[in-house]
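Data first, discussion second: the structure below is written as structure tokens.
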Amino acid sequence: MNQIIHILKYKLLSYIRLESKFSISYLIKNTGSGLIYAAFTVGAFFFSKNLIRFLIQDIRLGLFLMHELVSIVLFIFFMSVVLGNIIVAYATLFKSNEVNYLITKPIQPTKIFFIKFLDNFFYSSSTLLMILFALLAGYAVYFELSIVSFVFLILNFIPFMLTAGCLGVIVLLILIRLVNIFGVTKVVSGMVIVYLGSIVLYFDSYSPLLLVQTMLKHYPYIDRDTYFSHLLPGFVQFLPNNWLSQSAFWIVKNDFTNSFKFFQIQFALSILLFVIALYLGHRWFFNAWLLNLKITSEFKLRRKEITTFFGFERKSFFRSQVESILKKDILMFVREPSQIIHFLILLLLTIIFISSVSGIKFVGIGNYNLQTIIYLSLTLFKLFFISTLSLRFIYPLISLEGQSFWKLKSSPVKTNTILKTKLVLFSSFILLAGFGLSVLSKTQFGIGLTIFSLIITMFASVTMIAINFGIGGLFANYKEKNAIRLSSSQGATLAFLLNIFYMLFITMLMFKPVSEFLLSRMIHFTFDFISFYKILIPVGVLSSLIIFFSFRLAYKSLQKDF
Amino acid sequence: MLELKELEKKFGNFTAVNKINLKVNKGQLFGFLGPNGAGKTTTIKMICGLLSPSYGNIFLDGIDVWKNPIESKMKIGYIPDQPFVYDKLTGREYLYFSGGLFKLDKKTIKLKIEEQIETLKIGNWIDKRTEEYSQGMKQRIVIASAFIHNPELIIVDEPMVGLDPQSAFLVKKIFKDKTANGTTIFMSTHSLNVVEEICTHVSIINKGSIILNDSIDTLHRLKVEKNNNLEELFIQLTNEEDE
């Protein structure tokens, strides 16, 4: 134990010293970040409070249905954390220089595993906890919960997060053993199938639409806070996201006995998984570390570089400098397994998302207010998706140049050429995904709204790409090689918060013209599209300003001392 | 060829390079000596465009390096002290990448790569990813990438780090051949033997200031005065500055 405390002490010390290097730019950067964090925390609080008010009072959703929708959101969150944790844990436990260093010292591998496990769990959690805290505070204030209930609500979240973190590590340890037997391709393909399969299975048996329809059979009792748990499919009752939402439901109902029941299960599972993770770490970690070395070296020996379409020897119609940077970026991307796996999963999710969205029919719904909310929620979800793609693929672009960046920086290439070339690849993908979503989700509203939606998507995509690129440059970390860790760093969170402000700005501006348009459709009244195009002026001005300043930021970051 | 005028670099209150003046003529193999932390790498990084000077100018054939970076970088080949290369590229791809940055056409790059394979003996592993290379292998790929566009000035920071004796011998020979053909080399090192063996001019920097700047013959003369012990001479020169 002493050894663990000794190592943790120096890790903490180096972290504090790294984070407290004082300079004017450091002060500006951190004051700016602090202000945005504070504004976002306040925003998240009011957003949560007002959203609940809207769902409960305006839509009259009822407590149970609202908590079930929360449960669905928590499921998506849980699955994302598990996947992210598998990838990040691989980098932390098996590819970090720190582990390579510690393993040469007389330290039990179990202790190294424990230290890196903690490292993995707490990395980037501070921001997440801050957002959760604000959202939960909004929830607690709306339902007028006591301080004790609020603390209990927060305590409910900790085992939930721990369960997701432990599950990621357990799956990773099992995967490495399986890779040794079946090979990388089979195991990774199997994992992707199981992962996506479980998401599809969940939504197939428990779609939000089906849930609403089932609940509507009990109308008007749904807004009378009746407990409808018997309507839920059996398997849902065994999921941590459901336990969390059910526990919250009973807190609101001031029934601690029932709430505590769900907390107990949640807590017990998290402890069980934590013990299993530690046990497997104790039994397997060192072997898995050696296995990973063996697998990687065998893989490298067997590997033959194929001259692909992107091979440097092939002729290209690009200028030589652009071609060099572009091909380098493509090869670096496709040859990094974590990048390509994550990209393929996101690509698949994009396709699933586009096809699901295109299937939604809500024009016939009688209430134009509800239509407006669904339309704007869909827009917000689309923007959120674009923002996620930008955060994952655009934000790390400059940092991923790594310490090899000296070559590009000492070459006769204009900074603008570097910036534009680095952006072109992923920006095209994000724009295409955005356009696809816009066209397929809005065709039922006619050509006018589709064109408008495309213009908004174009502004939003370019702006959010610019934000992520600019902030990615400002917070560039050339020593971090893992794109996922970069995408969950302090700077990435800041970029994400700015994206959310921007998304809310657009959605708020759209509220009036969209509701007027939907009303006009309902009462068969002529609608003047000019009111849509009027909002393009503030959107255009704000977007242009953000794009300009973000590119300045990225440009300046490339000119910094290296 | 290369001129540093009143060149200074400050990091906050710390002055890493203190208004130094240097002139390197065409065809010289210029040794830039100094103990650890003397300001060698900082000076080199300023010449290559990686660090911006706090004061002063750097001229390459009369062109201000920081005012016309593209034009001047075309003439420079840089070999850093740490051979960081893009680890997912093969050595050959890295050389194609480097050639492309210097606007060479594919045919020329291909010829140059073959030339470098022959000169630097890198044929056995050039088609493997650089993540599998040893430090010395990476160093040789970085050297090849610096030569690929036939630069007029080669800036080398600690060239012998990580090289085995055969490779070090090979690199020294290449440097001598290059200067014989009119290329200028500005080489920082703390290896006194290397300077003595191949350099034509030498400059010693200590605590950011130049303490000696002369031909290699002067250094030889000073060495004779110190019982032929170059190490002792170097320690004395750098210590005098400390006092």
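Condition first: modelled with pLDDT under 90, more than 9 Å from chain A (Cβ to nearest Cβ) and on the phi > 0 side of the Ramachandran plot. Can you find one or more residues in region B:106-124 that meet it?
Yes, because at least one residue in region B:106-124 is modelled with pLDDT under 90, more than 9 Å from chain A (Cβ to nearest Cβ) and on the phi > 0 side of the Ramachandran plot.
Within region A:93-106, is even one residue of a type in the set (Asp, Glu), loosely packed, with under 11 Cβ neighbours inside 10 Å, without any contact (Cβ under 8 Å) to a residue 60 or more places away in the chain and more than 30 Å from residue A:253 (Cβ to Cβ)? First the steps, then the outcome.
If we filter region A:93-106 for residues that are of a type in the set (Asp, Glu), which is where we start, we get A:98.
Filter once more, keeping what is loosely packed, with under 11 Cβ neighbours inside 10 Å: none.
No - not one qualifying residue is present in region A:93-106.
Go through A:380, A:397, A:389 for me and flag whichever is in contact (Cβ under 8 Å) with a residue 24 or more places away in the chain and closer than 21 Å to residue A:555 by Cβ. Spell out how you get there, then give the answer.
Working: A:380 fails: closer than 21 Å to residue A:555 by Cβ; A:389 fails: closer than 21 Å to residue A:555 by Cβ.
Checking each option against the conditions leaves just A:397.
Just the residues that are surrounded by fewer than 22 Cβ atoms within 10 Å (Cβ to Cβ) and of a type in the set (Ser, Thr, Tyr), please, taken from region A:405-417.
A:415, A:417
Can you report the number of residues in region A:1-33 which are modelled with pLDDT under 80 and surrounded by 11 or more Cβ atoms within 10 Å (Cβ to Cβ)?
Residues meeting the conditions: 6.
Could you go through region A:292-304 and let me know if any residue there is modelled with pLDDT of 90 or more and of a type in the set (A, V, I, L, M). Before the answer, list the steps.
Narrowing region A:292-304 to residues modelled with pLDDT of 90 or more: none.
No, region A:292-304 contains no residue that is modelled with pLDDT of 90 or more and of a type in the set (A, V, I, L, M).
Do you know which residues across region A:443-487 are more than 21 Å from the chain's Cα centre (by Cα), of a type outside the set (A, V, I, L, M, F, W, C) and either at pLDDT 85 or above or outside any helix (DSSP H, G or I) (or both)?
The answer is A:446, A:478, A:479.
Taking the options A:456, A:398, name whichever one is away from chain B (no Cβ under 14 Å) and over 30 Å from residue B:131 (Cβ atoms).
Numbers: A:398 fails: over 30 Å from residue B:131 (Cβ atoms).
When all the criteria are applied, what remains is A:456.
Can you pull out every residue in region B:23-69 that is open to solvent by 10 Å² or more (accessible area, probe 1.4 Å), in contact with a strand residue (DSSP E or B) (Cβ under 8 Å, 6 or more places away or on another chain) and in a strand (DSSP E or B)?
Correct list: B:23, B:55, B:56, B:57, B:59, B:64.
Which residue pairs have Cβ atoms under 6 Å apart, sit 6 or more places apart or on different chains, and have a first residue in region B:86-102 that is more than 7 Å from every other protein chain (Cβ to nearest Cβ) and in a helix (DSSP H, G or I) and a second that is buried (at least 24 other Cβ atoms within 10 Å of the Cβ) and not hydrophobic (A, V, I, L, M, F, W, C)?
Close Cβ pairs satisfying both conditions: B:95/B:145.
Name the residue that is surrounded by the fewest Cβ atoms within 10 Å (Cβ to Cβ), counting only residues in region A:175-188 that are in contact (Cβ under 8 Å) with a residue 60 or more places away in the chain and within 27 Å of residue A:271 (Cα to Cα).
So in region A:175-188, the residues in contact (Cβ under 8 Å) with a residue 60 or more places away in the chain come out as A:175-177, A:179-180, A:184, A:188.
Right, trim to within 27 Å of residue A:271 (Cα to Cα) and you get A:175-177.
Working: A:175: 18, A:176: 21, A:177: 15.
So, considering only residues that are in contact (Cβ under 8 Å) with a residue 60 or more places away in the chain and within 27 Å of residue A:271 (Cα to Cα), the one surrounded by the fewest Cβ atoms within 10 Å (Cβ to Cβ) is A:177.
Can you list residue pairs whose Cβ atoms sit under 7 Å apart, with the first residue in region B:8-33 being over 16 Å from residue B:52 (Cβ atoms) and the second being part of a loop (DSSP other than H, G, I, E, B) and open to solvent by 20 Å² or more (accessible area, probe 1.4 Å)? Count only pairs 6 or more apart in sequence or on different chains.
B:24/B:1; B:25/B:1; B:26/B:1; B:26/B:182; B:27/B:182; B:28/B:200; B:29/B:200; B:33/B:190
Which of the residues spanning region B:8-22 are open to solvent by less than 20 Å² (accessible area, probe 1.4 Å) and either more than 16 Å from the chain's Cα centre (by Cα) or within 13 Å of another protein chain (Cβ to nearest Cβ) (or both)? Working first, answer last.
Of region B:8-22, the ones open to solvent by less than 20 Å² (accessible area, probe 1.4 Å) are B:9, B:16-17, B:20, B:22.
Within region B:8-22, B:9, B:16, B:17, B:20 meet the criteria.
With buried (at least 21 other Cβ atoms within 10 Å of the Cβ), over 30 Å from residue B:44 (Cα atoms) and not charged (D, E, K, R) as the only criterion, which of A:515, A:543 stands out? Working first, answer last.
Working: A:515 fails: buried (at least 21 other Cβ atoms within 10 Å of the Cβ).
Sole residue among the options that is buried (at least 21 other Cβ atoms within 10 Å of the Cβ), over 30 Å from residue B:44 (Cα atoms) and not charged (D, E, K, R): A:543.
What pairs come up if the first residue lies in region A:320-344 and is closer than 15 Å to residue A:400 by Cα and more than 9 Å from chain B (Cβ to nearest Cβ), the second is hydroxyl-bearing (Ser, Thr, Tyr) and in a helix (DSSP H, G or I), and their beta carbons are under 8 Å apart, counting only those six or more places apart or on different chains?
Final answer for the pair search is A:326/A:421; A:329/A:421; A:338/A:90.
Would you please list the contacts, defined by Cβ atoms under 7 Å and residues six or more apart or on different chains, that run from a residue in region B:68-85 that is more than 8 Å from every other protein chain (Cβ to nearest Cβ) to a residue that is open to solvent by less than 10 Å² (accessible area, probe 1.4 Å) and part of a helix (DSSP H, G or I)?
B:77/B:146; B:77/B:147; B:79/B:142; B:79/B:143; B:79/B:146; B:83/B:139; B:83/B:142
Conditions: (1) outside any loop (DSSP other than H, G, I, E, B); (2) modelled with pLDDT of 85 or more. Residue A:347 meets all but one. Number of the miss?
(2)
Considering only region A:423-442, I want to know if a residue exists there that is more than 22 Å from the chain's Cα centre (by Cα), closer than 17 Å to residue A:551 by Cα and surrounded by fewer than 22 Cβ atoms within 10 Å (Cβ to Cβ).
Yes, region A:423-442 contains at least one residue that is more than 22 Å from the chain's Cα centre (by Cα), closer than 17 Å to residue A:551 by Cα and surrounded by fewer than 22 Cβ atoms within 10 Å (Cβ to Cβ).
I'd like to check which strands (runs of 3 or more DSSP E) are fully inside region B:119-220 and have at least 2 residues that are surrounded by fewer than 21 Cβ atoms within 10 Å (Cβ to Cβ).
Numbers: elements: B:153-157, B:184-189, B:201-206, B:209-215.
Hits in region B:119-220: B:209-215.
When you go through A:312, A:249 one by one, which is the residue that is open to solvent by less than 70 Å² (accessible area, probe 1.4 Å) and in a loop (DSSP other than H, G, I, E, B)? Show your work before the answer.
Numbers: A:249 fails: in a loop (DSSP other than H, G, I, E, B).
Only one candidate passes the filter, namely A:312.
The values are calculated or read from the model by the stated rules, or taken from the named source; none is laboratory data. Computed from a predicted model, the values in this text were never measured in an experiment. Virtual Cβ from ideal backbone geometry, glycine too; neighbours counted across all protein chains shown. Heads up: the accessible areas ignore ligands, DNA and RNA and are worked out on the full protein's heavy atoms, side chains in. Shrake-Rupley method; radii C 1.70, N 1.55, O 1.52, S 1.80 Å.
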